[in-house]
Each structure stands twice: as structure tokens, then as C-alpha cells.
Amino acid sequence: MRRAAPSTAPPRGIAHGRRSGCRRGRIDTLIASSHDVSPDKALASIRAFDGPLLMDLDETLYLRSSTEDFIDCAYPAVVAAVLMQGLDWIKPWRWSGGEATRDVWRVRLILLVFPWTLLRWRYRLPVLLHAYTNVPLADLIRRHRAMTVIVTMGFRCIVTPLIVRLQLGQSRIVAVRVSTCRDRLRGKLDLARDAVGASTVRRSLVLTDSLDDLALLDACRVPLRTRWPAARYRQALSAVYLPGRYLTRVKRPGERYIVRGILQEDFAFWLLASAGVALVPVMHSLGLLLLLMSFWTVYESGYVDNDRIAARYEAQPKLSATFATSTVPTPALQPWLWAAALAVAALALLRWPARAQAADLVVWMLLLVATRVWFALYNRLDKASRIWLFPGLQLARAAAFVVLVPIVPIASAALGAHVLAKWLPYYVYRLGVSGWPETRVCLTRLLFFVVLATLLGLSLGWAHTINTTSAALLAWNLYRARDELRATLRSAHRIDRYPTEPPA
């Protein structure tokens, strides 16, 4: 007898999360279904069943994701990883049906840019199948006398050679096409009905591990949802080092820190402080962005060291929930190679139309070494002493570019205000206030900037203070502090005035 469907199904976005290779990982493995059975019971049910079998592939018959393993075959891996990261930033699947179509875009891009990946995939298949075939299940399918259909949301060009190598006899393959997003949006039930007919689906046994397949499970005779202990979801190219991955996935996951904490904070001040003296503004802006990336490649390694020292020596380390389970690679040498390469490109743009000098690269790399050494010392000092090293780190973040790029005096005041505004809440926090204090950083920075700019004007003359650079910096500070300024003004009130009827 077919079991009833669960009373409430998870949101479609969650169910599609794992199958589409979403970074959230195997979310649906944490959600129970009325069709759930143990692996042993699933194998026993298949052994006793004499009707057609509809088998899932990924993380069921093949104990990994065929799509992720295929993308992992792309070469050069670093270039592929950069392209995949760029695709995740653009998110073109927003216009093709949502997260369910994400893998269509990813596989298309790999086939377009690295067409030899299909050959590498076929070459690597024997090793992958030796390690990740679900042997008990594959043996049962080979002995099964009735029809067996492999129904998968994997791509036909990827899964066909994999299934052929499994030597499952006359098993049929129902997979999605890479040329269209429609198959992914329709789902397995519609694909299976088109391939074998609705009557075959109704009298079949369905085995899968995914909540995405609830509609197919509800439509069959024997629905089995089984999570195999040896199944592993591994994101493609996860062994490839890319700058920024540790920051976004481990240090500050889910915070959009690159946009909010780096581009809207540090880079905005780099750009505003120096754009007024740039000979070629477009080249200058692009070069400054590459220089920022060079700096953060090394600065990120300081965060890696910070987490490792905290985990090893601190009694109550403040680590993200993803730290213990992270598989993000953190090599020692590669960040420096990336930093040097990005710096070379940045200098070529910043010095355009002139030629960059080797001395500039030497100065920049020495600054990065000094920053990294300062960060290492900060990580190894007691928390009370870190108060006095923290401004040095913020100064490096705010003004490292000044060793290569000239700025006007008012920009120094803005960068100084930026450093002090970042240091003040850290100082209050280290004094023993529980939790990170809700200080108004942007409003504090605005105040510091006005004070420092006023002192600059009084000491050097107002010509150094009143110019286009100061106007741009003031406007940006006001814009960033707008909400904090509005809240402060609303909460302000006079204490020297009584109500109409003073209290008794």
C-alpha cells in the first residue's frame, strides 16, 4: 500500500538547494519524510520487488554528485573556479526559473570554455566509480529481472558514460538536457512519465535520497527515500584556492562582507581619497580595485591565522559555525603569488600611460609583509594588549594604497577618521562590555572627519579643506551615516524644559 504524502513539504527553494549544487549543502538530509527507510530496508524491498525500478543516481547509485564531479574535471582548475565564482555573483539563473536551473548555466559555461572536460570526465570515471559506486545497490539492479530506469536530474552528456560503465544491463536512462532549462523545471515525475508512461510509474518502486522527488515518490507503488551513509556531497573545485573564499564561507559567512565591509567601506575611501589626483580616472579606479584585491589576499591569511590561534589557545574562541566543518583550502604560499600577480596588474593600470617600476612592486610587497607580521603579532597577544595593535591593522586597511598613490591633505583626515571610527567600538568591546557594542560607526566617522578637517583648515589654510575631494568625502560620509544621524536627531531632546504640567 502506498504511504500518504507528508502533511507539510519543505519550501521548494530548500528542496532544490542541494540538488542544484547550492552552497548550503545537503539541507534536505536534515528534514524527515514519511517515505524514509534505512539502507538495509531499501535493499530488502528492492530484492522482494518484481516490478519496474526507478532509481535515482546522484548520492544513491553513485555516491557523489555527477554534476559537481564533472565540473571538477575542468582544466585549468583555477580559471574554472574563477568563472564559477563569477557566475555565482551574476546569478543568471534568476532569469531562467531560479535556483533549480543553476547547474544548467554552470555546465554550459564549462562546456563552452573548457570543451575538453568531457574527455577528462570519461578518463576519470574508472577511478571515481571504483571509489563511489553503491556496490550493494548496483548488484541488486544487475540481478533485477524487470525494467530498471535511472531517473536523474543530472545531465545526459555527463551521466550516460557513467551509467554505461556501471554495466547495469539494459537499464534505461532518463536525464535532463543541457540545451534547455525546461527539464530541470519540470522535475523527475514529468520526465519519467514522458519516458516510460504514467502506468509504469504507478506500479514502480522508486528509490531516491532527495526531497526534490516527493512528487515522484507519491505517484509510485513503493516509495523509498534513503540516505546512504557513504554518500558525500562535494562542491566542485572546492580544493582550488581562491582569494576571498575563506572570508565569505568561514570567517564571515552570510554577511556579504566583501560588498558591505570592504567595497562600501575601505575601497570607497581609497577611491574618493585619490580620484581627484588621478590622471586617467577609469584606469585608476580599476587599478585601485586590483590593488585592494592584492591587499586582501594577504590580509585574509591573517584571518586564517587568527582563527587557528583562537581554536588552539583560547578558552572560549569566537569562531563561526562553519569553521570546524570547513573544507576551504588555506595554503601558505598561494596567497602571496596571487597578491604579487594582482599587484603587477594594478600597477600597470595605476601608472598608465607611463610604465610601472619594479621599485613600486617591491614597496608594495614589503608593506604586505609588514601587515602580515603585524597581524601575526596581534593574533598571538593577549586580548587586552590587542587594543593597541588593532589601529595598526585598520590603518593598513584604510591607507595601504598611499605608499603607491598620492592623496591630498583632506583625504588624510578622512582616512584617519575612518581608522578611529573602526577602533573606537573595538576599544569599548575590549573594556569588558558584553557582546559587540552597538556604536554608531558611520556617525562617529562623520564626526571625526569634520573635527580633523576643521583642524586641517585652521592649521594649513581652508584651501586644503574646501575642494572637490573634501566635498565628495563629506557627501559619502553623510550618506553612509544617514540612518544613524536620523536616529540620533530623533532621539535627541532638551532636558531644561518641563511639560505643560510639571510632575508633582
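Do you know which residues across the stretch 205-244 are hydroxyl-bearing (Ser, Thr, Tyr) and out of contact with any helix residue (DSSP H, G or I) (no Cβ under 8 Å at 6 or more places or on another chain)?
238, the sole residue that qualifies.
Spot the failing condition for residue 266; the list is (1) within 30 Å of residue 42 (Cα to Cα); (2) open to solvent by less than 50 Å² (accessible area, probe 1.4 Å), and only one is missed.
(1)
Can you pull out every residue in the stretch 414-432 that is farther than 18 Å from residue 268 by Cα, open to solvent by less than 20 Å² (accessible area, probe 1.4 Å) and in contact (Cβ under 8 Å) with a residue 24 or more places away in the chain?
Selection gives 426 alone.
Being of a type outside the set (Lys, Arg), in a helix (DSSP H, G or I), open to solvent by 70 Å² or more (accessible area, probe 1.4 Å) and free of Cβ contacts under 8 Å to residues at least 24 places away in the same chain, is that true of even one residue in the stretch 338-347?
yes
Condition (residue is in a helix (DSSP H, G or I) and in contact (Cβ under 8 Å) with a residue 12 or more places away in the chain) applied to the stretch 225-243: is it met by at least one residue?
So far as the stretch 225-243 goes, no, none of its residues is in a helix (DSSP H, G or I) and in contact (Cβ under 8 Å) with a residue 12 or more places away in the chain.
All but one of (1) outside any helix (DSSP H, G or I); (2) at pLDDT below 85; (3) not hydroxyl-bearing (Ser, Thr, Tyr) hold for residue 466; which doesn't?
(2)
Got at least one residue in the stretch 133-147 being open to solvent by 10 Å² or more (accessible area, probe 1.4 Å), modelled with pLDDT of 95 or more and hydrophobic (A, V, I, L, M, F, W, C)?
Scanning the stretch 133-147 turns up at least one residue that is open to solvent by 10 Å² or more (accessible area, probe 1.4 Å), modelled with pLDDT of 95 or more and hydrophobic (A, V, I, L, M, F, W, C).
Among the residues of the stretch 173-192, which ones are in a helix (DSSP H, G or I) and crowded, with 18+ Cβ neighbours inside 10 Å?
183, 184, 188, 189, 191, 192
Residue 444 passes all but one of (1) modelled with pLDDT of 90 or more; (2) more than 30 Å from residue 383 (Cα to Cα); which number fails?
The single condition residue 444 does not satisfy is (2).
Taking residue 218 as the residue in question, decide whether it is in contact with a Lys or Arg (Cβ under 6 Å, 6 or more places away or on another chain), touching a residue at least 24 places away in the same chain (Cβ under 8 Å) and either more than 14 Å from residue 51 (Cα to Cα) or not in a helix (DSSP H, G or I) (or both).
Here the answer is no, as residue 218 does not meet what is asked.
Right, residue 162: modelled with pLDDT under 95, in contact with a strand residue (DSSP E or B) (Cβ under 8 Å, 6 or more places away or on another chain) and among the hydrophobic types (A, V, I, L, M, F, W, C) or not?
Taking the combined requirement at face value, the residue does not satisfy it.
Considering only residues that are open to solvent by less than 50 Å² (accessible area, probe 1.4 Å) and within 10 Å of the chain's Cα centre (by Cα), which ones fall in the stretch 228-252?
244, 245, 246, 247, 250
Only one of (1) touching a helix residue (DSSP H, G or I) at 6+ places or on another chain (Cβ under 9 Å); (2) part of a helix (DSSP H, G or I); (3) open to solvent by 40 Å² or more (accessible area, probe 1.4 Å) is not met by residue 388, so which one is it?
The one condition residue 388 does not meet is (1).
Could you please let me know if residue 315 is at pLDDT below 95 and part of a loop (DSSP other than H, G, I, E, B)?
yes
Going by the structure shown, is residue 447 under 30 Å from the mean Cα position of the chain (by Cα) and open to solvent by 60 Å² or more (accessible area, probe 1.4 Å)?
no
Within the stretch 91-133, how many residues are closer than 18 Å to residue 166 by Cα and in contact (Cβ under 8 Å) with a residue 60 or more places away in the chain?
Count: 4.
Quick one: would you say residue 154 is over 19 Å from residue 117 (Cβ atoms) and not aromatic (Phe, Trp, Tyr)?
So residue 154 does not fit the description; no.
Of the residues that make up the stretch 265-280, is at least one within 24 Å of residue 87 (Cα to Cα) and not in a loop (DSSP other than H, G, I, E, B)?
Within the stretch 265-280 (the criterion being within 24 Å of residue 87 (Cα to Cα) and not in a loop (DSSP other than H, G, I, E, B)), the answer is yes, since at least one residue qualifies.
Of all residues being part of a strand (DSSP E or B) and open to solvent by less than 60 Å² (accessible area, probe 1.4 Å) in the stretch 153-172, which is nearest to residue 133 (Cα to Cα)? Just the residue, please.
Looking at residues that are part of a strand (DSSP E or B) and open to solvent by less than 60 Å² (accessible area, probe 1.4 Å), I get 154.
Among the residues of the stretch 57-101, write down those that are in a loop (DSSP other than H, G, I, E, B) and on the phi < 0 side of the Ramachandran plot.
Result: 57, 60, 61, 63, 64, 65, 72, 73, 74, 75, 76, 96.
Show the residue pairs that are 6+ apart or on different chains and have beta-carbon atoms under 7 Å apart, the first residue being within the stretch 47-62 and more than 17 Å from residue 147 (Cβ to Cβ), the second being part of a helix (DSSP H, G or I).
58/66; 62/132; 62/162
Could you run through the stretch 112-132 and say how many residues are more than 30 Å from residue 49 (Cβ to Cβ), open to solvent by 40 Å² or more (accessible area, probe 1.4 Å) and not in a loop (DSSP other than H, G, I, E, B)?
Of the residues in that region, 10 qualify.
State the number of residues belonging to the stretch 38-91 that are of a type in the set (Lys, Arg) and in contact with a Ser or Thr (Cβ under 9 Å, 6 or more places away or on another chain).
Adding up the residues that qualify gives 1.
Looking at residue 363 and the list (1) open to solvent by 60 Å² or more (accessible area, probe 1.4 Å); (2) in a helix (DSSP H, G or I); (3) without any contact (Cβ under 8 Å) to a residue 40 or more places away in the chain; (4) under 23 Å from residue 275 (Cα atoms), which single condition is not satisfied?
(3)
The values are calculated or read from the model by the stated rules, or taken from the named source; none is laboratory data. Remember, it's a predicted structure, so these values are computed and weren't measured experimentally. With ideal geometry, Cβ positions are generated from the backbone for all residues, glycine too; neighbour counts draw on all protein chains shown. Ligands, DNA and RNA are stripped out before the accessible areas are found, and what is left, the full protein with its side chains, is counted by its heavy atoms. Shrake-Rupley method; radii C 1.70, N 1.55, O 1.52, S 1.80 Å.
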